[in-house]
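To keep things clear, I will list the structure first and then write my remarks on it.
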Amino acid sequence: SVGNFVDYWEIIDRYANLQGGFIWDWVDQGLLTTNENGDTIFGYGGDFGPPGIPSDGNFLMNGVVLPDRRPNPSLHEVKKVYQYIRVRPIDVVRGLVEVHNRYDFRSLDGLALAWTVIADGVPQQSGVLNELDIAAGERRQLRLPIRRLEPAPGVEYHLNLAFATTEATDLVPEGHEVAFEQFPLPIETPAAARSIESLPPLQVVDEEASVAISGRNFSLTFDKNEGVITSYLYRGTELILTGPRPNFWRAPTDNDFGGRWQKTLSIWRDAGERRTVRNVSVMQKGPQAVQIRARSRLEAGRASYSTLYTILGNGAVTVYNHFEPRDEGLPRMPRFGMQMTLPREFANVQWYGRGPHESYWDRKAGAPVGLYQGTVAEQFHPYVRPQENGNKTDVRWMALANDEGVGLLIIGLPLLSMSALHYTVDDLDPGEEKAQRHAGELVERDLVNLNIDYKQMGVGGITSWGPTGLPRYSLYYQAYAYSFQLRPFSVEDGPPADLAKQHFNQ
């Protein structure tokens, strides 16, 4: 969990008579063993002894490290919030910052400050200050020798600061980062919109049950009865198994079970799948643009859900979702977004957002904004009991590609919450009651399950036996709207980072 940890510490810092920092537990209380099928698992309560022995299930699998001491993602949040060095920006463009040594007894001797200016996650300038003779409790202004920046169109800039050890000690190696900060640089030049007339024209075949749209190097098929994209071909490669559908559910976390959210919020479990498509309309907006609007009704509260797809001549699809509640009294939503699946071959993932580990609405201070990449398999964290995991927050864009460099780019308009795993939500969701399940028993599916969300409710961090997630991190039953763009790409089109900055006037 460790959600809303920052919120706790803001209060603890504000009042001198408060203290905190007591971790329960440091380590997941599990034992390495094998199940009856020979799978290697970490066993917990219920896995040992004769049948009928009382246990508390996985209640003591609540550490910030796994039983073998590999970090759980929450450890990064704890480290960030606990750090004893704070930095206040004074004039970050000119490199002026104030460093506060919050240690009670030690100076910052033995630490170096490495600074880096990044542009869309890519380092542009960097340097190191080796002399940090700042006494315990002292504040001091430092000037970093940042050269004048001329912002490139559509590029976002940040200043990263990292404090690391310059010498090894008995417990801490040389070069170990003990604190970091990140500040956005208030410089920007908007990218100019391109003319839509520069795009290739589209061909449209509008039939009773479907509509087919094609252009240079791509084709798209939309099922009017289901209200979804059923095929998305680019340069002869099929990009999807199933198109985006509304999704309001996540696999319950241990905190969710403690708050009984798996039952009290269950109306949202299949709300997207059980919607009724009431109307689909197709409109040609010009030679290079076609719009498809799908209007649906949810069983959950008779809410209306409308999705507008705008297909452009380059194969890009802008998706605009609008949710309007109707009946009153429905509970909060676990998430508000869309879910789709891609063939497993699109297993190379790159994103510009928070990372590299998972982050959530109320647990993202320890995940700086950056440019990250890896495999889809690496985005899964093996919580001993399978549950929701792998989410990334404040995603500007995410690209999933096969080994030939063909893939799908998802661009937030402006920011998204996203995850890409080889497991479906159902693989990680035991239902309304916890089951004796283990990460080591899961079998990866032959797909990539992609969540493209406006937001997901917080993971909580107050108790594990009552309502979790502060109101500020909750998705209450109210109107919502958000947008993103799907864009196919190949190596011939250029890097996803460049494509993500392109937009066209419509």
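Brief remarks on what is shown
- Residue within segment 147-162 that is in a strand (DSSP E or B), at pLDDT 95 or above, within 21 Å of residue 101 (Cα to Cα) and open to solvent by 60 Å² or more (accessible area, probe 1.4 Å) present: no
- Qualifying residue in segment 444-452 (condition: assigned to a loop (DSSP other than H, G, I, E, B) and modelled with pLDDT under 95): no
- Cβ-Cβ contacts under 6 Å between residues 6 or more apart (or on different chains), taken from a first residue in segment 115-143 that is under 23 Å from residue 372 (Cα atoms) to a second residue that is among the aromatic types (Phe, Trp, Tyr) and in a loop (DSSP other than H, G, I, E, B), are absent.
- Selection within segment 200-232 - charged (D, E, K, R), over 21 Å from residue 274 (Cβ atoms) and either free of Cβ contacts under 8 Å to residues at least 40 places away in the same chain or in contact with a Pro (Cβ under 9 Å, 6 or more places away or on another chain) (or both): 207, 208, 216
Yes or no, residue by residue, for (1) open to solvent by 20 Å² or more (accessible area, probe 1.4 Å); (2) closer than 23 Å to residue 483 by Cα:
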{"site": "224", "(1), (2)": "yes, yes"}
{"site": "250", "(1), (2)": "no, yes"}
{"site": "259", "(1), (2)": "no, no"}
{"site": "265", "(1), (2)": "no, no"}
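- Taken together, the residues in segment 163-187 that are more than 18 Å from residue 89 (Cβ to Cβ) and either in a strand (DSSP E or B) or in contact with a Gly (Cβ under 7 Å, 6 or more places away or on another chain) (or both) amount to 6.
- Long-range neighbours under 8 Å by Cβ, at least six apart or interchain, first residue among the basic types (Lys, Arg) within segment 157-178, second assigned to a loop (DSSP other than H, G, I, E, B): none
- The residue that is modelled with the lowest pLDDT, among those in segment 304-330 that are assigned to a loop (DSSP other than H, G, I, E, B) and of a type in the set (Asp, Glu), is 328.
- Just one of the numbered conditions (1) more than 25 Å from residue 184 (Cα to Cα); (2) of a type outside the set (Val, Ile, Thr); (3) touching a Ser or Thr at 6+ places or on another chain (Cβ under 7 Å) is not true of residue 439: (3).
- Looking across segment 338-368, the residues that are open to solvent by less than 10 Å² (accessible area, probe 1.4 Å) and more than 17 Å from residue 458 (Cβ to Cβ) come down to 338, 340, 342, 346, 349, 351, 352, 353, 355.
- Members of segment 121-146 found to be open to solvent by 80 Å² or more (accessible area, probe 1.4 Å) and assigned to a loop (DSSP other than H, G, I, E, B), listed by number: 130, 131, 133, 145
- The residues of segment 373-400 that are in a strand (DSSP E or B), over 21 Å from residue 461 (Cα atoms) and without any contact (Cβ under 8 Å) to a residue 60 or more places away in the chain, listed by number, are 373, 374, 375, 395, 398, 400.
- Remark: residue 13 matches the filter, which requires a residue to be within 23 Å of residue 179 (Cβ to Cβ) and in a helix (DSSP H, G or I).
- From the options 188, 167, 208, 174, residue that is touching a Lys or Arg at 6+ places or on another chain (Cβ under 8 Å) and open to solvent by 60 Å² or more (accessible area, probe 1.4 Å): 208
- Just one of the listed residues (390, 366, 412, 374) is farther than 28 Å from residue 68 by Cα and of a type outside the set (Ser, Thr, Tyr), namely 412.
- Annotation note: of 31, 18, 60, 66, the sole residue that is crowded, with 16+ Cβ neighbours inside 10 Å and free of Cβ contacts under 8 Å to residues at least 40 places away in the same chain is 60.
- Out of 468, 463, sole residue that is closer than 16 Å to residue 253 by Cα and either free of Cβ contacts under 8 Å to residues at least 24 places away in the same chain or open to solvent by 10 Å² or more (accessible area, probe 1.4 Å) (or both): 463
The values are calculated or read from the model by the stated rules, or taken from the named source; none is laboratory data. All values derive from a computational prediction rather than experimental measurement. Neighbour counts are summed over all protein chains in view; Cβ atoms, including those assigned to glycine, are modelled from backbone coordinates with ideal geometry. SASA here: full protein model, heavy atoms, side chains in, ligands and nucleic acids out. Shrake-Rupley method; radii C 1.70, N 1.55, O 1.52, S 1.80 Å.
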